[in-house]
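Engineer: Okay, here's the structure, questions in a sec.
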Amino acid sequence: MNWLILAICCAFCFGLYNFFIKVASGSINQVAGAVILQVVAALCGIILLIYIKFKNQEIEISSKGVLYSCLAGFFVGLAEVLTFFVFGKGTPASVATPVIIGGSVAVAAILGILVLREQLTLIQGLGTLLIIGGVVLLSLNSGGH
């Protein structure tokens with residue numbers, strides 16, 4: 001399947017993820033909500049791994065992959081808890097979600113350029129700058145939240 005279709009599906013799932021965190025916040029302790037979210041996500045992954053194993057497909061695991069997966073898990077866990085706190089403050093999803101996701105895009109793009117030495121085309125660079133500009137505008141117009 002084309003990477004762009006997969007990326008759009010992923011963006012849709014992230015949108016639903018943030019929407020449901022917003023809906024849940026205020027109805028559950030922030031840390032408890034994040035833990036439940038992570039347990040359900042882990043169960044989903046376990047089910048997929050079992051499916052892959054039963055299809056007799058190879059499951060490649062390296063120490064480097066485990067290390068970086070653990071670091072990603074650590075930071076997504078922190079991000080989930082913080083997202084519950086952000087929405088628990090009453091911040092509108094229409095403001096907080098673009099700031100969170102757009103900000104994450106900026107961080108990943110900057111790290112890709114500085115650490116991984118990735119190159120951006122002019123169009124990609126302008127797109128990234130527009131995302132950063134949108135995050136700044138939304139942050140300035142947050143209405144005190």
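Engineer: With only alpha-carbon atoms counted, please give the Rg and Dmax of the chain, in Å.
Structural biologist: That works out to 17.5, 54 Å for Rg and Dmax.
Engineer: Figure the gain on full extension for Ala7 and Ser94 (residue separation times 0.36 nm, minus the Cα-Cα span) and round it to one decimal in nm.
Structural biologist: Gain on stretching Ala7 to Ser94: 29.2 nm.
Engineer: What's log10 of I(q)/I(0) for the stretch 66-144 at q = 0.11 Å⁻¹, Debye sum over Cα points only, no solvent?
Structural biologist: -0.37
Engineer: Dipole size in debye (nearest 20) for the chain around its Cα centre, Lys and Arg Cβ +1, Asp and Glu Cβ -1?
Structural biologist: Dipole about the Cα centre, nearest 20: 100 debye.
Engineer: Once R0 is set to 41 Å, what does the formula 1/(1 + (r/R0)^6) return for the Cβ-Cβ distance between Gln119 and Ile59, expressed as a FRET efficiency to the nearest 0.05?
Structural biologist: Efficiency, rounded to the nearest 0.05: 0.80.
Engineer: Follow-up question, since we're still on this one. Calculated from DSSP H runs of 4 or more alone, at -39500 (n - 2.57) each and per residue, what is the 222 nm mean residue ellipticity of the chain, nearest 500?
Structural biologist: -27500 deg cm²/dmol
Engineer: Find how much the distance from Ile110 to Phe20 grows on full extension, using 0.36 nm per residue of separation minus their present alpha carbon separation; answer in nm with one decimal.
Structural biologist: 29.6 nm
Engineer: Can you pull the one-decimal nm distance between simple spin-label points at Leu48 and Leu130, each 7 Å off the Cα toward Cβ?
Structural biologist: The answer from the label model is 2.9 nm.
Engineer: Would you list the membrane-span-like helices of the chain, meaning whole DSSP H runs whose alpha-carbon atoms span at least 20 Å along their axis and whose mean Kyte-Doolittle value is at least 1.6?
Structural biologist: Membrane-span-like by this rule: 3-24, 30-54, 93-114, 122-140.
Engineer: So, one more: Just tell me which lysines come within less than 28 Å, Cα to Cα, of Lys55; anything on the same chain fewer than 8 places away is out.
Structural biologist: Lys64
Engineer: Summing +1 for each Lys or Arg and -1 for each Asp or Glu, what net charge is found among the other residues whose Cβ lies under 15 Å from the Cβ of Leu48?
Structural biologist: Within the 15 Å Cβ shell, the charges total 0.
Engineer: Direction-averaged shadow area of the convex hull around the Cα atoms of the stretch 14-89, nm²?
Structural biologist: Average of the hull's projected areas for the stretch 14-89 equals 5.7 nm².
Engineer: What is the distance in Å between the Cα centroid of the stretch 77-145 and that of the stretch 1-51?
Structural biologist: 18
Bear in mind that the values in this text are calculations on the coordinates, not laboratory data. For clarity, every value in this text was computed on a predicted model and none was experimentally measured. Don't worry about glycine lacking a Cβ; one is built from the backbone with ideal geometry, like all the others, and counts go over all protein chains shown.
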